[in-house]
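Enquirer: Sharing a structure, written as structure tokens. Questions coming.
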Amino acid sequence: MQVIDERKRAKILSAAAGLFATQPFHKVLLSDVAKAAEVGKGTLYIYFNSKEDLYISVLYNGFSRLVDRLRERIDEDTHSPAENLEMVIREMVNFAYQNPPPVRADTYDSCLESY
């Protein structure tokens, strides 16, 4: 049984996010992801069942980081509800600018149909 290396998984996710951000879903090849992540193509399947699974993981990873950051900021509990709302909006806008969308709406819908 293969041992999961979280650094390698993160490297794959980062490489895939970059490719999905610059190309439509159907144009991204797993061999390109493997090359960008500097791993063998077979290694991708240790971490992800399919291209769709990898894609959903990229989306989940990004939103998970955003939610963690929002929780961290809100848990500081030093601001009013209105200030917290303003901070949430600011963080979401910053997130959107710092993380190019890895998806076009049409590719997102077609990807989800397979789940």
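The values are calculated or read from the model by the stated rules, or taken from the named source; none is laboratory data. Quantities reported herein were computed from a predicted structural model and do not represent experimental measurements. Positions of Cβ are generated from backbone atoms using ideal geometry, with glycine treated the same way; all protein chains shown enter the neighbour counts. For the accessible areas, the whole protein counts, side chains as well, though only heavy atoms, and no ligand, DNA or RNA atoms are used. Shrake-Rupley method; radii C 1.70, N 1.55, O 1.52, S 1.80 Å.
Enquirer: Please list, short to long, the whole-number percent of alpha-carbon pairs of the chain in consecutive 10 angstrom bins beginning at zero.
Expert: Result returned by the calculation: 13, 38, 28, 16, 5, 0.
Enquirer: Another question about this same structure. Fully extended, how many nm does the chain gain between residue 79 and residue 53 (0.36 nm per residue separation, minus their Cα-Cα distance)?
Expert: This chain segment gains 5.5 nm when fully extended.
Enquirer: Modelling each spin label as a point 7 Å along the Cα-to-Cβ direction, I'd like the residue 71/residue 88 distance in nm, to one decimal.
Expert: Rounded to a tenth, the inter-label distance reads 1.5 nm.
Enquirer: Using only Cα atoms and rounding to the nearest 10 degrees, what angle (0 to 90) does helix 51-75 make with the longest principal axis of the chain?
Expert: 20
Enquirer: How much of residue 78 can a 1.4 Å solvent probe reach, expressed as accessible area in Å² and rounded to 10?
Expert: My reading of the accessible area for residue 78 is about 100 Å².
Enquirer: Sticking with this structure for a sec: Pop a pseudo-label 7 angstrom from the Cα along the beta-carbon direction at both residue 35 and residue 14 and give the gap in nm to one decimal.
Expert: 2.0
Enquirer: Take the solvent-accessible surface of the protein heavy atoms, probe 1.4 Å, and return the percent of it on the chain that carbon and sulfur atoms account for.
Expert: So the carbon and sulfur contribution to the accessible surface is 55 percent.
Enquirer: Before rounding to the nearest 500, sum -39500 (n - 2.57) across all DSSP H runs of length at least 4 in the chain and divide by the residue total; then give [θ] at 222 nm in deg cm²/dmol.
Expert: Rounded to the nearest 500, the figure is -23500 deg cm²/dmol.
Enquirer: Of 25, 88, 44, whose Cα points farthest to the positive end of the dipole of the chain (charges on the beta-carbon: +1 Lys, Arg; -1 Asp, Glu; origin at the Cα centre)?
Expert: 44
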